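See structure below.
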Amino acid sequence: MSEHAQLVAVAGAAAAALVAEMVKSSWSSVRAAAARVFRHGGEAEKERQLNRLDADQAQADSLDPVELRDRWQRRLITLVEDFPEAADDLAALASLHTEEQTGAVHQSVTGNSGSVIQVGRDNFGGLNPGRS
């Protein structure tokens, strides 16, 4: 993966972390991680970006999350392009992002005398219906 592609991926994950946490109680810790990224541009830039971030956070319920994520991804990419030393702090911010699962499946079988077949992705095994 090229350096730029890697930067885009990391900035995307970091932006997703920012947007996902805007409406949660853990916002302050994510905001602090973002401040560590922004400080690489100097105190004035850090304050400017935090003001933008706070404004977006205050409106998060009424903004399109995809558009918001894209906006912050672009800003983070630009910051790291201008200040490459911010890359480690950006990676730390990105590590806060975890894809939320929309659902989970748990299956179990008891009392069977043969293989179990699950219908879905990447399931293997034989079927023994108990006939000799």
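The values are calculated or read from the model by the stated rules, or taken from the named source; none is laboratory data. Every value quoted in this text rests on a predicted model; they were computed, and no experiment measured them. Cβ placement follows ideal geometry from the backbone for every residue including glycine, while neighbour counts extend to all protein chains displayed. What goes into the accessible areas is simple: the full protein's heavy atoms, side chains included, and nothing from ligands, DNA or RNA. Shrake-Rupley method; radii C 1.70, N 1.55, O 1.52, S 1.80 Å.
Assorted remarks:
- Cα gyration tensor, the stretch 1-55 - rounded (a/c under 1.5), prolate or oblate: oblate
- The label point for GLU45 and the one for ALA58, both projected 7 Å from the Cα toward the Cβ, are 2.5 nm apart.
- Listed values for the stretch 33-43 are Karplus-derived 3J(HN,Hα) couplings in whole Hz (6.51 cos²θ - 1.76 cosθ + 1.60, θ = phi - 60°), namely 5, 5, 4, 5, 6, 5, 4, 5, x, x, 4, and x replaces Gly and Pro.
- Rounded percent of accessible protein surface that carbon and sulfur make up, the stretch 1-80, 1.4 Å probe: 50
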